[in-house]
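Below is one structure, written out as structure tokens, with a few remarks after it.
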Amino acid sequence: MAYAYGGIFVISLALLPLYFRFIYEKQKEPWLFALFACICVVNLGYLLISVSKTVAFALFANKIAYLGQALIPMCMFMLIARLCGFVCKKSLVVTLGALAFVIFAIVCTTGYLDWYYVNADLALQNGSAYLVKEYGVLHPCNLIYVLGYFVAMLSLIGISLRKHSGSSQKLASFMLIIVLGNIGMWTVEKLIRTPFEILSISYLMSEFAFFFIYLILQDYIHIKDIPPAPENTPIIVVNALTTQEKLQIILNSLPEGTTLSARQTDILEGILDHKSRKDIALSLCVSENTVKTHTGLLYKALGVSGREEIYAKFQS
């Protein structure tokens, strides 16, 4: 098991520089980095437990693992909220952070109080150590904590699936698969008593899934989500055009072989709605610098130098 934990830890650690190489410059998503860091911490804890020689050291390593475990649900919830288009207030973030601290603090009573573990012993299997635990009265708090986050994540995804369409709906469906996969792995871990921490694999899979999501957000083409304009479309009064109709006109006018990414299309919609860069950044849950970067790429793809040239397309 120690070799397995070691391999998983190395892989999760390697994803941190990949985040800075492929995601940070364009997205700058702090919650994604936080998720990656927390998963590294969890897998480090599992690895240290597997090579422990004493119960005291194993319990210390277990606390390291729980430090990451307490924060992972929060990171995933914040990522899903942002990807579904929800803006979380700072008060909610502070509350969730405080709740994670409480859960971690309960675990930290191990060795001093019998609230979380009544007793813990070290056992060996195939040369690797693992903890044999007798749970205390407050152990169900962690169960409730995790289940609460699962319900919250599924609720956000459900709302997104009902209210949105097109690429946003596809994105929500992908996140639904991630959450259901985590629920499945978590359920298996609870039902099948095994010395190996199955959650280490689940966390790693989630890490790769979110990494992939943010990669495709940069390059995913969703022009197909815009229905093609019917032939012999009648002339419409400019002021009567909706944002989606304007967007369709621009997309249909793109040179052959030219495409827009999902992010560029979202920013174009904001420009067509006459939103400021700040308002676009708030609606997309990204920084203004990110909007500026994608706006420059958008202008290049459209062959324009600014907003006025985009608006001019509907004035002739």
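The numbers here are math on the coordinates, done by the rules we state, and not lab data. Fair warning: this is a prediction, and the values are worked out from it, not measured in the lab. Neighbour counts run over all protein chains shown; Cβ positions are idealised from the backbone, glycine included.
Points worth noting:
- Basic side chains Lys and Arg get +1 at the Cβ, acidic Asp and Glu get -1 at the Cβ, and with that the dipole of the chain about its Cα centre reaches some 340 debye.
- Model label sites at A209 and N126, defined 7 Å from Cα along the beta-carbon direction, differ in position by 2.6 nm.
- In terms of overall dimensions, the C-alpha atoms belonging to the chain reach 79, 33, 31 Å along their principal axes, ordered largest to smallest.
- All alpha carbon pair distances within the stretch 6-56 were sorted into 10 Å bins beginning at 0; the resulting P(r) in whole percents reads 26, 41, 23, 9, 2.
- Most positive-pole-ward Cα, A123, A70, G7, against dipole of the chain from beta carbon charges: A70
- Relative to the longest principal axis of the Cα atoms of the chain, the long axis of helix 167-191 makes an angle of roughly 10 degrees.
- Note on L297 and F20: their simple-model spin labels are 2.1 nm apart, each label 7 Å out from Cα toward Cβ.
- Where the Cα pairs of the stretch 1-156 fall when distances are cut into 10 Å bins, in %: 11, 33, 34, 18, 4
- Applying the Karplus relation 6.51 cos²θ - 1.76 cosθ + 1.60 with θ = phi - 60° to the stretch 120-135 yields 3J(HN,Hα) values of 8, 10, 9, 10, 10, 8, 6, x, 10, 8, 8, 8, 9, 10, 10, 6 Hz, where x marks Gly and Pro.
- Once backbone amide H atoms are built at 1.01 Å from N, A129 has V51, S52 as its partners under 5 Å, excluding neighbours fewer than 5 places away on the same chain.
- Cα gyration tensor of the stretch 107-176 - equivalent ellipsoid semi-axes, whole Å, descending: 40, 17, 7
- Aspartates and glutamates whose Cα lies under 19 Å from that of K53, excluding same-chain neighbours fewer than 8 positions away: D121, E197
- Bins of 10 Å, starting at 0 and running to the largest distance - Cα pair percent for the stretch 103-219: 11, 31, 31, 17, 9, 1
- Theoretical FRET efficiency, 1/(1+(r/R0)^6), r = Cβ-Cβ of T95 and L282, R0 22 Å, to 0.05: 0.55
- Projecting the Cα atoms of A301, A81, L191 onto the dipole axis of the chain, where Lys and Arg carry +1 and Asp and Glu carry -1 at the beta carbon, places A81 farthest toward the positive end.
- Each other residue within a Cβ distance under 11 Å of E288 adds +1 if Lys or Arg and -1 if Asp or Glu, for a net charge of +3.
- Taking Cβ atoms as reference points and 12 Å as the exclusive limit, the residues near S200 contribute a net charge of -3, counting Lys and Arg as +1 and Asp and Glu as -1.
- Using 0.36 nm per residue and subtracting the Cα-Cα separation, the extra length available between A312 and E134 on full extension is 57.0 nm.
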